[in-house]
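Below is one structure, written out as structure tokens, with a few remarks after it.
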There are 4 protein chains.
Amino acid sequence: MMSSESARVAAPESAKRAQIIEGARRCFLASGFEAASMAEIAREAKVSKGTLYVYFDSKEALFSALVEQSRRASVERLMDFDYEHANVRDALVHFATGLIGKLSAPEHVALVRMVIGASEKFPGVARDYFEAGPAHGAARLAGYLREQERLGMVSIPDIETAAWQFFGMCHHPTLISVLLAARPAPDGERVRILAETAVTTFLAAYATKR
Amino acid sequence: MMSSESARVAAPESAKRAQIIEGARRCFLASGFEAASMAEIAREAKVSKGTLYVYFDSKEALFSALVEQSRRASVERLMDFDYEHANVRDALVHFATGLIGKLSAPEHVALVRMVIGASEKFPGVARDYFEAGPAHGAARLAGYLREQERLGMVSIPDIETAAWQFFGMCHHPTLISVLLAARPAPDGERVRILAETAVTTFLAAYATKR
Amino acid sequence: MMSSESARVAAPESAKRAQIIEGARRCFLASGFEAASMAEIAREAKVSKGTLYVYFDSKEALFSALVEQSRRASVERLMDFDYEHANVRDALVHFATGLIGKLSAPEHVALVRMVIGASEKFPGVARDYFEAGPAHGAARLAGYLREQERLGMVSIPDIETAAWQFFGMCHHPTLISVLLAARPAPDGERVRILAETAVTTFLAAYATKR
Amino acid sequence: MMSSESARVAAPESAKRAQIIEGARRCFLASGFEAASMAEIAREAKVSKGTLYVYFDSKEALFSALVEQSRRASVERLMDFDYEHANVRDALVHFATGLIGKLSAPEHVALVRMVIGASEKFPGVARDYFEAGPAHGAARLAGYLREQERLGMVSIPDIETAAWQFFGMCHHPTLISVLLAARPAPDGERVRILAETAVTTFLAAYATKR
DNA sequence: AATGAATGAGTGTTCATTCAT
DNA sequence: CATGAATGAACACTCATTCAT
């Protein structure tokens, strides 16, 4: 027991590091990379400014670490695909509902805003976010659609483009509203409408008639 | 003589003012609000730092003026709708083609990135941009669709949502790629494919069979 | 009158720059490069910290400018050789007297101390100082001795070495005392003794008997 | 057992202490007092930063201890005078050769540079170095010369000054070159020339004719 | 109107030092 | 005794803004 405690000490990334990233998240999300100050982050994380530099080499390094961690967390949450549905429509509606709800949540939109705002200074960070997020999501959806096509459920000439456009139908209206106009995240009912409308439009074009 | 002097003062859209905004555009677009410096802007605009403050009260004011002017310019260019098409499909394809091409142009994406990056500090500016840009565009499209519905060409239960989702299909894939991953703007062929696929999907769901 | 005033303004290196270097001199000489702070220099020069950076790119640049100016000033003062003496002995005594007096002055020793202290970080600055100061001085003396040898007044097998060692006899005892032990600069009487003893020793070895 | 433990504590010149001073030497000599950091010293000495403060109260104390130890070591090595020579000339040449060689060695010059660089902040340390080094050396040489005068080998009106100037002839040319211009230490042949020239000059003035 | 010299509050970062373990 | 995590006061440097000319 004692030893399990000291074992944790042996992994120094654990407590303080997380605490700092948490403070950094609040500041960077609220103000963007440039406008957030290390002093503010230190205050928010309840550590001294010096401690920041014990765990991270620079403001840039702290920012990158924050984005990477956020990306890993949100990708995991977003991309769990439930294949176990009776039919394509239900599967897509279920998927779209989860997608819109999560992607429109204020904390996710703030992350996107922060990454976009920093993409001129951190092109690598933004590109990583793109690859692990939207690009990976579209690829996952394309994979599912390809599977359904093999099963004869849909017929889609250009699956990649179709997947991206499905994302666009789901994501764009709320993303752009929350991102730019600080509109409140859509409520459950609105999410349902968006999801169902998107799926209906999509399947009208691509579902095999039977 | 005296009066012609004061007349110039009275018209704040002088050549100098435009020249300053032009310098500000280059700097703000390239670096974002925080990272761009007034000294850099003065150099780029070939005026002294003091002159900046003759025409604008502060860095914030200069930024707002720049966004407002850019918004007016791009809204005008983007929203010219050509109603004179033989049929809905041709009209939408033509519209979507122009939309995707213009919205994916690097200078437009840079503007969006800048506005998004500054939206935490300038919520009003971002909201104005949203209202005059995406929201106005969706409203224009909705108006056109309503017209076509009255003509019996389409049947759309939720026109607002449909318009937004049409925008999403067109805009989202390239916007997000260029914004985050610095992908090059799509070439003409890719634009055509995106436009036609979007219109096909859209009309599969909403065109009246006849 | 008015115009001569504005003419001075046209040369912006003039007043403020000199004022800053003067403040820098006081601080750098008193504390060395590392220990002197830009805030302290600004205070001493009675300008703001920002103004320092209007005239000099960095602390390093300010330091280099100071050393260069000091070097030019002291080299000029030190190396005026009076050839118009009745005989070699009088010429050397006169030269040595001036040399010891000036090189042992606290302000010169402080400069040497500062340059030596910074020579690890600024090897180029120290080397420049060496070339323009000691090395140039030894070369000047060697030139004079060569001239006297041609006139048959002295006979010196290795003139370069002899010149350096003459400098050593004159300079070393007081330099090292003032440099390390903060001994007061030698008074006129002591300077005279050092000069005459050095010259006597030197000429005992090199003067041609006649 | 208990007592042997405390005995070790009572002797602060433990292995650790020496190890720390050795690390400090490398850092302080290479960078000077201000530029060397305690973290760097700890790393170089392979101990933790905390341990530094177990053995030394402060950075200043560590520096002083280092200089004191270095002084003791180099004084011992430098000042061993070999009286057992057939004549004054051989004795002085032998002495001068050893002196120049040792004083021009990079490690000694680095020590002198460090002490000079720190002499404004540590006047006591520099003065101690002066007294135990140059001043003590000149006194030793003066003692030897006094002895030789009593034996009738030389005749020197001002022995103290003569001793200092002999040091100057030997030491100054190489010291100043290596100190300021980072010239390489003189090779054996050059050392021999400097020594013999200095002795010849010296004895031309002071040796009794016989 | 236009300048550009001057400012000082603010930035990211370092580092000697302390202290709980 | 030895550690290394944590600190906070200092540092060099930047920049939006002002003002005498």
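Filter B:LYS102/B:LYS209; C:LYS49/C:LYS121; C:LYS102/C:LYS209 down to the pairs with a C-alpha to C-alpha distance above 29 Å, please.
Details: B:LYS102/B:LYS209 32 Å; C:LYS49/C:LYS121 23 Å; C:LYS102/C:LYS209 32 Å.
Beyond 29 Å between Cα atoms: B:LYS102/B:LYS209; C:LYS102/C:LYS209.
Hey, got the average number of other protein chain Cβ atoms within 10 angstrom for residues in B:130-143?
On the way: counts 7, 2, 0, 2, 7, 5, 0, 0, 2, 0, 0, 0, 0, 0.
For peptide B:130-143, the averaged partner shielding equals 2.
Pull up all non-local amide H partners of B:VAL154: gap of 5 or more, or a different chain, and H-to-H distance under 5 Å with H placed in the peptide plane.
Hits under the 5 Å cutoff: B:GLU149, B:THR208.
Where in chain B are the DSSP H helices whose C-alpha atoms run 15 Å or more along the long axis and whose mean Kyte hydropathy is at least -1.0?
On the way: long enough: B:15-35 (26 Å, 0.02); B:59-78 (28 Å, -0.29); B:88-103 (22 Å, 0.88); B:106-118 (18 Å, 1.02); B:136-150 (21 Å, -1.09); B:159-181 (32 Å, 0.93); B:188-206 (27 Å, 0.56).
Span-like helices here: B:15-35, B:59-78, B:88-103, B:106-118, B:159-181, B:188-206.
Which values of log₁₀ I(q)/I(0), to two decimal places, follow from the Debye formula for segment D:105-171 at q = 0.12, 0.13, 0.14, 0.16 Å⁻¹ with a uniform point scatterer at every Cα?
Debye curve over Cα of segment D:105-171, log10 I(q)/I(0) at q = 0.12, 0.13, 0.14, 0.16 Å⁻¹: -0.41, -0.47, -0.53, -0.64.
Ranked from highest to lowest mean number of other Cβ atoms within 10 Å per residue, what is the order of the peptides C:176-185, D:170-179?
Working: C:176-185: 19.3, D:170-179: 23.4.
With the highest mean Cβ count within 10 Å placed first, the list reads D:170-179, C:176-185.
Among the lysines, which have Cα under 23 Å from the Cα of A:LYS46 when same-chain residues fewer than 8 positions away are ignored?
By straight Cα distance, A:LYS46 reaches A:LYS16, A:LYS59.
Where does the charge balance sit around C:ALA105 when Lys and Arg score +1, Asp and Glu -1, over other residues with C-beta under 13 Å from its C-beta?
Spelling it out: positives minus negatives among the neighbours equals +2.
How well do other chains shield peptide A:180-186, expressed as the mean number of their Cβ atoms within 10 Å of each residue Cβ? Write down the numbers at each step before the final one.
Details: counts 15, 10, 7, 3, 0, 0, 0.
That average works out to 5.
If you bin every alpha carbon distance in the protein assembly as shown into 10 Å steps from zero, what whole percent lands in each bin?
Binned Cα distances yield the sequence 2, 10, 14, 14, 12, 10, 10, 10, 8, 5, 3, 1, 0, 0.
How charged is the neighbourhood of C:LYS121? Take every other residue with its Cβ under 12 Å from the Cβ of C:LYS121, and add Lys/Arg as +1 and Asp/Glu as -1. Mind dumping the intermediate values first?
On the way: positive: C:LYS59, D:ARG113; negative: C:GLU34, C:GLU60, C:GLU120, D:GLU34.
Around C:LYS121, the surrounding residues sum to -2.
With each run of n ≥ 4 DSSP H residues scored as -39500 (n - 2.57), what mean residue ellipticity at 222 nm is computed for chain D after dividing by its residue count and rounding to the nearest 500 deg cm²/dmol? Don't jump to the answer; show the numbers that get you there.
Details: 11 runs with 159 residues, N = 210.
So the calculated ellipticity at 222 nm is -24500 deg cm²/dmol.
Where Rh is the Kirkwood radius over the Cα pairs of segment B:70-206, the temperature 10 °C and the viscosity 1.306 mPa s, what D in µm²/s does Stokes-Einstein return? All intermediate terms of the calculation are to be shown ahead of the outcome.
Values: Rh = 15.5 Å.
Estimated via Stokes-Einstein, D reaches 102 µm²/s.
How crowded by other chains is B:157-169, given as the mean number of beta carbons from other chains within 10 Å of each beta carbon? Intermediate values should be presented prior to the final figure.
Working: counts 2, 4, 0, 1, 9, 4, 1, 8, 13, 5, 5, 14, 12.
Per residue, the number of nearby Cβ atoms from other chains is 6 on average.
No lab work stands behind these numbers, since they all come straight from the coordinates. Note that the coordinates shown come from a computational prediction; the quantities given were computed from them, not determined experimentally. We place every Cβ from the backbone using ideal geometry, glycine too, and count neighbours over all the protein chains shown.
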